[in-house]
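Everything on this sheet refers to the single structure shown next.
The values are calculated or read from the model by the stated rules, or taken from the named source; none is laboratory data. All of these numbers come straight from a predicted model, not from anything done at the bench. All Cβ positions, even for glycine, are placed from backbone atoms using ideal geometry, and neighbour counts span all protein chains on display. The protein model used for the area step is the full one, side chains on, heavy atoms only, and it has no ligands, DNA or RNA in it. Shrake-Rupley method; radii C 1.70, N 1.55, O 1.52, S 1.80 Å.
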Amino acid sequence: MNYAAREEYLTTEVMTAAPQKLQLLLLDAAILLGGRAKRHWSKQEHEPAFEALVHCQRIVTQLINGLAPNFESAVVRQMAAVYGYVYRTIVLATANRDAQKLDEAMRVLDAERETWRQVCERLGTRRVDAVSEAIAAPVFARAPLDLQSTTSTGDRLGGFSFEA
């Protein structure tokens, strides 16, 4: 398949996908980029590894931005904490060229990917408002997201913020 046809296919898939499918596509891309970075590290190709990890960080940022914007739901707060952890772990892996840290983040994303794969399997590709509202709100950028708030148990979610 040539590049233009592949890009057109991917664009169509993304533009017509249900929210749960978009979530799965983002997770797939983040995991793919993590693997690509590790392959580049193994070949001592540090610049392409860095670029892959920065792109991976952007995807995790999109996953956070795709959560309901008000963090009122316990599930949304928990997912924000999980994605914040993944983001911080990828940043540490990038800064230290630490394959073990990267593996740690990829394991979490893998588990999340499996969850969304099952959601997609059960729901198919039809749009489901409840899923869209509660968990898989549109994955496109929202207003700046501040993760310095606390969870319902008083635990800090992070110590950084993302700007959309």
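Name the single residue, out of those in the range 18-45 being over 14 Å from the mean Cα position of the chain (by Cα) and in a helix (DSSP H, G or I), that is surrounded by the fewest Cβ atoms within 10 Å (Cβ to Cβ).
The initial filter retains those residues of the range 18-45 that are over 14 Å from the mean Cα position of the chain (by Cα), namely 18, 35-45.
So of that shortlist, the ones also in a helix (DSSP H, G or I) come out as 35-42.
Details: Gly35: 14, Arg36: 17, Ala37: 28, Lys38: 17, Arg39: 12, His40: 18, Trp41: 20, Ser42: 10.
Within the range 18-45, the match that is surrounded by the fewest Cβ atoms within 10 Å (Cβ to Cβ) is Ser42.
Being surrounded by 12 or more Cβ atoms within 10 Å (Cβ to Cβ) and either modelled with pLDDT of 50 or more or not aliphatic (A, V, I, L, M) (or both) is the filter here, so list the residues in the range 126-136 that pass it.
Answer for the range 126-136, where residues must be surrounded by 12 or more Cβ atoms within 10 Å (Cβ to Cβ) and either modelled with pLDDT of 50 or more or not aliphatic (A, V, I, L, M) (or both): Arg127, Ser132, Glu133.
In summary, Val75 fulfils each of the numbered conditions (1) in a helix (DSSP H, G or I); (2) in contact with a helix residue (DSSP H, G or I) (Cβ under 6 Å, 6 or more places away or on another chain) with the single exception of condition (2).
Return a yes/no flag: does the range 48-65 have any residue that is open to solvent by 40 Å² or more (accessible area, probe 1.4 Å), within 12 Å of the chain's Cα centre (by Cα), within 26 Å of Arg122 (Cβ to Cβ) and at pLDDT 90 or above. Steps first, please.
Of the residues in the range 48-65, the ones open to solvent by 40 Å² or more (accessible area, probe 1.4 Å) are 48, 50-51, 55, 58, 62.
Right, trim to within 12 Å of the chain's Cα centre (by Cα) and you get 55, 58, 62.
Within this subset, residues satisfying the condition of being within 26 Å of Arg122 (Cβ to Cβ) are 62.
Within this subset, residues satisfying the condition of being at pLDDT 90 or above are 62.
Yes, that holds for at least one residue.
Yes/no matrix, rows are residues, columns are (1) hydrophobic (A, V, I, L, M, F, W, C); (2) modelled with pLDDT of 95 or more; (3) within 22 Å of Leu22 (Cα to Cα); (4) open to solvent by 50 Å² or more (accessible area, probe 1.4 Å):
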residue	(1), (2), (3), (4)
Val75	yes, no, yes, yes
Ala80	yes, no, yes, no
Tyr87	no, yes, yes, no
Met106	yes, yes, yes, no
Leu109	yes, yes, yes, no
Trp116	yes, no, yes, no
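Among the residues of the range 66-84, those that are closer than 22 Å to Leu102 by Cβ and under 11 Å from the mean Cα position of the chain (by Cα) comprise Met79, Ala80, Val82, Tyr83, Gly84.
I need the full set of residues from the range 4-14 which are more than 16 Å from Ala29 (Cβ to Cβ) and either open to solvent by 80 Å² or more (accessible area, probe 1.4 Å) or not hydroxyl-bearing (Ser, Thr, Tyr) (or both), in order please. If you could, list the steps in order and put the result at the bottom.
Filtering the range 4-14 down to residues more than 16 Å from Ala29 (Cβ to Cβ) leaves 4-5, 8, 12.
Once the filter is applied, which keeps residues that are more than 16 Å from Ala29 (Cβ to Cβ) and either open to solvent by 80 Å² or more (accessible area, probe 1.4 Å) or not hydroxyl-bearing (Ser, Thr, Tyr) (or both), the range 4-14 yields Ala4, Ala5, Glu8.
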